[in-house]
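Peer 1: Could you have a look at this structure, given as structure tokens, before my questions?
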Amino acid sequence: MINKFYVKSTDVIAFPTHGGISLHHLKSDEYYSMEEGVASFVWDYLDGSNTIETIINNISKQFAVDDIEIGEDIVEFINNLIENKLIIEVIDRI
């Protein structure tokens, strides 16, 4: 998983809210929210051009935390996004 690429689902609308980002999954009509910080930075990096490993490295540097420690949290967060169909794996990268 760590060397895979993911993008935001086209079924999701993201919009800024006070103190973070909210997501609306159009098909399930579910709403999700993320506070400013690591989660919203991860969301911004999920554009299909960054591996999970790259995201972990960038965030660990940005927040000056150990990449192994933050990596476990990021992988758990990304798994949650996948389970809720908020992001999808990029199969064919150009």
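Peer 1: Look through region 32-67, keep the residues that are of a type in the set (A, V, I, L, M) and assigned to a loop (DSSP other than H, G, I, E, B), and return whichever of them is nearest to Phe5 (Cα to Cα).
Peer 2: If we take residues in region 32-67 being of a type in the set (A, V, I, L, M) and assigned to a loop (DSSP other than H, G, I, E, B), then Leu46 is nearest to Phe5 (Cα to Cα).
Peer 1: Right, another one. Within the bounds of region 10-31, is there any residue that is touching a residue at least 60 places away in the same chain (Cβ under 8 Å), in a loop (DSSP other than H, G, I, E, B) and over 11 Å from the mean Cα position of the chain (by Cα)?
Peer 2: There is at least one residue in region 10-31 that is touching a residue at least 60 places away in the same chain (Cβ under 8 Å), in a loop (DSSP other than H, G, I, E, B) and over 11 Å from the mean Cα position of the chain (by Cα).
Peer 1: Could I ask something else about it? Of the residues Ile68, Ile55, which single one is among the β-branched types (Val, Ile, Thr) and modelled with pLDDT of 95 or more?
Peer 2: Only one candidate passes the filter, namely Ile55.
Peer 1: Report, by residue number, each residue of region 64-94 that is touching a Gly at 6+ places or on another chain (Cβ under 8 Å) and under 24 Å from Pro16 (Cβ atoms).
Peer 2: none
The values are calculated or read from the model by the stated rules, or taken from the named source; none is laboratory data. Please read these numbers as outputs of a predicted model, since none were measured by experiment. Because the Cβ atoms are built from the backbone with ideal geometry, glycine has one as well, and the counts that use them run over all protein chains shown.
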